[in-house]
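See structure below.
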Amino acid sequence: MSHQRYPSHDAVKEPHSVSLKVLRLSRPSLVAQYPVQPPSTAATAQHNPPPIPASLAYYHDDNGAAANDEQAGRTTQTNPHPFILSPIVNLPPSFGSTYVGETFSCTLCANHDVAIPDLPAPLAVLGGADPDRPRTLSSTSSASSRTAAAAAAAAGPKNKKKTTIRDVRIEAEMKTPSSATVTKLELTPPPPVGSGSGRTDLHPNETLQKVVNFDLKEEGNHVLAVTVSYYEASDTSGRTRTFRKLYQFICKASLIVRTKPGLLPAFMGRRRWVLEAQLENCSEDTMQLERVVLDLEPGLDYSDCNWEASGSGGGSSSPTKPVLHPGEAEQVCFVVEEKGGGDGEERVKEEDGRVVFGVLGIGWRSEMGNRGFLSTGKLGTRHVKPRQRKA
């Protein structure tokens, strides 16, 4: 996600005491492994030998003890039967791709950064392996070192101004390709009850974290605008400071939907049509179709001719849902017909000689369970009046 810094609203160009980090929230992926059996010999012909350790995602010995477990007697059964998908998961290495129908989620973190002064030698080596070699505080992972650094930063030189950060507030907006205006986004979790405007005071090294969600409904460039405002107070003065950052990403198409209506013979005086749809996975991920439904106009009803109606799945109670790999397509079909046509029934909606059916909705899940849903525009077919027979 490309980032562009918007000019600060402050008249004086000074570094801000609060920084902003924006991270996308997405699910991890499973790590694949390819178990390789060792060469077969007379000694191993009688039993099935374990795979070569180098072909596994991580080593697991015969006794069930992990190779990296240093405590004797502690066993783990995390990979006893190697499979192509290991129990290990990978965090997303990059921002990745966003697709129409998915929910874009990210976390917004406003951090109160404090410049840490130079520390005396005893504090600089806390937690270090070599006391003769001072280490910078940023490379020290010891909890005692961080505590000492925070204390030293809080004490600081006597002539240094003490700055307090109050009323920190985060706002987010989304600009979509088809809209000339921005959409204000709701942040979670909401502020506590009775907190007023939802502003938060931040002590040194504290963070205000919010999560934003946005349903992606169209292709093209999207811009996430994040505004951070806070009140910076010192012993003698105070001022309100604001800065804004823009994050741009591209949303791609996830499914290509092709529809084809057709006319069926009338049944008991009611008109009938067949609606076929081809769903093509044009994304880079594998998806499983969960449901394909029609939201019809008044006066119409439909019959489902797909996997839910056929009950495919080898006699199981739940039918097998189609799985679409990138580039694959699935054909679905519906029979649309008029309702009974009684006095209380609404008539079928017709516009400019065209019968309007309604909207087709498609729901799916990705490999790691992310949900997606999209709907088409209003579908229909041109009304063909029956020919009058000559007497």
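Within the set of pairs 6 or more residues apart or between chains, which connect a residue that is modelled with pLDDT under 70 inside region 76-91 to a residue that is assigned to a strand (DSSP E or B) with Cβ atoms less than 6 Å apart?
If the second residue must be assigned to a strand (DSSP E or B), the pairs left are Thr76/Ala66; Thr78/Pro87; Asn79/His60.
If we scan region 204-225, do we find a residue that is open to solvent by less than 30 Å² (accessible area, probe 1.4 Å), polar (S, T, N, Q) and more than 23 Å from the chain's Cα centre (by Cα)?
no
Given (1) in a loop (DSSP other than H, G, I, E, B); (2) in contact with a helix residue (DSSP H, G or I) (Cβ under 9 Å, 6 or more places away or on another chain); (3) at pLDDT 90 or above, where does Val292 come up short, assuming only one miss?
(1)
Which of the following residues is at pLDDT below 85 and out of contact with any helix residue (DSSP H, G or I) (no Cβ under 6 Å at 6 or more places or on another chain): Val335, Val355, Val348, Val359?
On the way: Val335 fails: at pLDDT below 85; Val355 fails: at pLDDT below 85; Val359 fails: at pLDDT below 85.
Every option except Val348 fails the conditions.
Condition check: open to solvent by 40 Å² or more (accessible area, probe 1.4 Å), under 30 Å from Pro177 (Cβ atoms) and either touching a Phe, Trp or Tyr at 6+ places or on another chain (Cβ under 6 Å) or outside the structural domain of Met287 (by TED's automatic domain parsing) (or both). Does Arg239 satisfy that? If you could, list the steps in order and put the result at the bottom.
Values: open to solvent by 40 Å² or more (accessible area, probe 1.4 Å): yes; under 30 Å from Pro177 (Cβ atoms): no; either touching a Phe, Trp or Tyr at 6+ places or on another chain (Cβ under 6 Å) or outside the structural domain of Met287 (by TED's automatic domain parsing) (or both): yes.
Against the criterion (open to solvent by 40 Å² or more (accessible area, probe 1.4 Å), under 30 Å from Pro177 (Cβ atoms) and either touching a Phe, Trp or Tyr at 6+ places or on another chain (Cβ under 6 Å) or outside the structural domain of Met287 (by TED's automatic domain parsing) (or both)), Arg239 does not qualify.
Can we say Gly269 is of a type in the set (Gly, Ala, Ser) and touching a residue at least 60 places away in the same chain (Cβ under 8 Å)? Steps first, please.
Details: of a type in the set (Gly, Ala, Ser): yes; touching a residue at least 60 places away in the same chain (Cβ under 8 Å): yes.
For Gly269, the condition - of a type in the set (Gly, Ala, Ser) and touching a residue at least 60 places away in the same chain (Cβ under 8 Å) - is met.
Just checking, how many residues over region 295-316 are open to solvent by less than 60 Å² (accessible area, probe 1.4 Å) and at pLDDT below 60?
4
So, Ser19, is that one open to solvent by 40 Å² or more (accessible area, probe 1.4 Å), within 30 Å of Asn111 (Cβ to Cβ) and either at pLDDT 70 or above or touching a His at 6+ places or on another chain (Cβ under 7 Å) (or both) or not?
On the way: open to solvent by 40 Å² or more (accessible area, probe 1.4 Å): no; within 30 Å of Asn111 (Cβ to Cβ): yes; either at pLDDT 70 or above or touching a His at 6+ places or on another chain (Cβ under 7 Å) (or both): yes.
When the stated conditions are applied, Ser19 does not pass them.
The values are calculated or read from the model by the stated rules, or taken from the named source; none is laboratory data. Because the structure is a prediction, the values reported are computed rather than measured. Ideal geometry is used to build each Cβ from the backbone, glycine not excepted, and the neighbour counts take in all protein chains shown. Please note that ligands, DNA and RNA were not included when accessible areas were found on the heavy atoms of the full protein model with its side chains. Shrake-Rupley method; radii C 1.70, N 1.55, O 1.52, S 1.80 Å.
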